[in-house]
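> Once you've had a glance at the structure underneath, I'll fire off some questions.
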Amino acid sequence: MWKSILYIIGGLGALIAGGSFFVDGASGIARSLGVSESVIGLTLVAGGTSLPELATSIVAALKKNPEIAIGNVIGSNLFNIFFVLGCSASVTPLHLTGITNFDLWVLVGSGILLWLFGLFFAKRTITHIEGSIMILCYISYTALLIYSL
């Protein structure tokens, strides 16, 4: 039991340090290239802070635990949207400067796409093709953000 607790604490510490190094480095490179703060937040910081979810979900999928993979992603997003933004806005008002209506529509569209893929097409299964479509959607969204600079 103590060994598991130590692994969790050590893993969380390494996660925080690694995430901080990744975000700081990526943000520094992006700023030096003249990329806007909103694009940094929507791509590099979002990717850097989501790498733990990616690792957890891939490991869960490989171990045949799809509930952990899906729950991890959905739970993390709900936590970020409701709790993290709620706590941040409770401290100081958050202005949506730099975040466009297009970004918000992509957010809504991603939720709808997940719902459609998970509920209608393959009996509550996200298939390889649907997963590939999701990856292409993200790549397209990121390319649009970078292209619009």
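The values are calculated or read from the model by the stated rules, or taken from the named source; none is laboratory data. Being a predicted model, the structure only gives us computed values, none of them experimental. Every residue, glycine among them, receives a Cβ derived from its backbone with ideal geometry; neighbour counts consider all protein chains shown. Accessible surface is based on the protein model in full, side chains and every heavy atom, while ligands, DNA and RNA are left aside. Shrake-Rupley method; radii C 1.70, N 1.55, O 1.52, S 1.80 Å.
> Counting only residues that are within 18 Å of Tyr141 (Cβ to Cβ) and modelled with pLDDT of 85 or more, how many does segment 1-45 have?
Residues of segment 1-45 that are within 18 Å of Tyr141 (Cβ to Cβ), as a first pass: 26, 30, 35-45.
Those still in the list that are modelled with pLDDT of 85 or more too: none.
Residues meeting the conditions: 0.
> Just for segment 96-108: of the residues that are at pLDDT 85 or above and either open to solvent by 100 Å² or more (accessible area, probe 1.4 Å) or part of a helix (DSSP H, G or I) (or both), which one is nearest to Cys137 (Cα to Cα)?
It comes out as Val106.
> Related question: Checking the conditions here, which among Leu62, Leu15 is within 17 Å of the chain's Cα centre (by Cα) and open to solvent by 60 Å² or more (accessible area, probe 1.4 Å)? If you could, list the steps in order and put the result at the bottom.
Values: Leu62 fails: within 17 Å of the chain's Cα centre (by Cα).
So the residue among Leu62, Leu15 that is within 17 Å of the chain's Cα centre (by Cα) and open to solvent by 60 Å² or more (accessible area, probe 1.4 Å) is Leu15.
> Something else: Tell me yes or no: at least one residue of segment 24-38 is under 30 Å from Thr125 (Cα atoms), part of a helix (DSSP H, G or I) and β-branched (Val, Ile, Thr).
Pass one, segment 24-38, residues under 30 Å from Thr125 (Cα atoms): none.
Looking for residues that are under 30 Å from Thr125 (Cα atoms), part of a helix (DSSP H, G or I) and β-branched (Val, Ile, Thr), one finds none in segment 24-38, hence no.
> Quick check: is even one residue across segment 47-69 in contact (Cβ under 8 Å) with a residue 12 or more places away in the chain and touching a Pro at 6+ places or on another chain (Cβ under 8 Å)?
yes
> Does segment 48-55 include one or more residues that are of a type in the set (Asp, Glu), assigned to a helix (DSSP H, G or I) and within 27 Å of Ile126 (Cβ to Cβ)?
Yes; the residues of segment 48-55 include at least one that is of a type in the set (Asp, Glu), assigned to a helix (DSSP H, G or I) and within 27 Å of Ile126 (Cβ to Cβ).
> So for segment 66-81 (the condition being farther than 24 Å from Ile8 by Cβ and in a helix (DSSP H, G or I)), does at least one residue qualify?
Yes, there is a match, as at least one residue in segment 66-81 is farther than 24 Å from Ile8 by Cβ and in a helix (DSSP H, G or I).
> So, in segment 109-149, how many residues would count as being in a helix (DSSP H, G or I) and either among the aromatic types (Phe, Trp, Tyr) or open to solvent by 100 Å² or more (accessible area, probe 1.4 Å) (or both)?
Matching residues across segment 109-149 total 11.
> Right, here's the next one. Please pick out the residue among Glu67, Glu53 that is farther than 18 Å from Cys137 by Cα, charged (D, E, K, R) and surrounded by 12 or more Cβ atoms within 10 Å (Cβ to Cβ).
Testing whether each residue is farther than 18 Å from Cys137 by Cα, charged (D, E, K, R) and surrounded by 12 or more Cβ atoms within 10 Å (Cβ to Cβ) leaves just Glu53.
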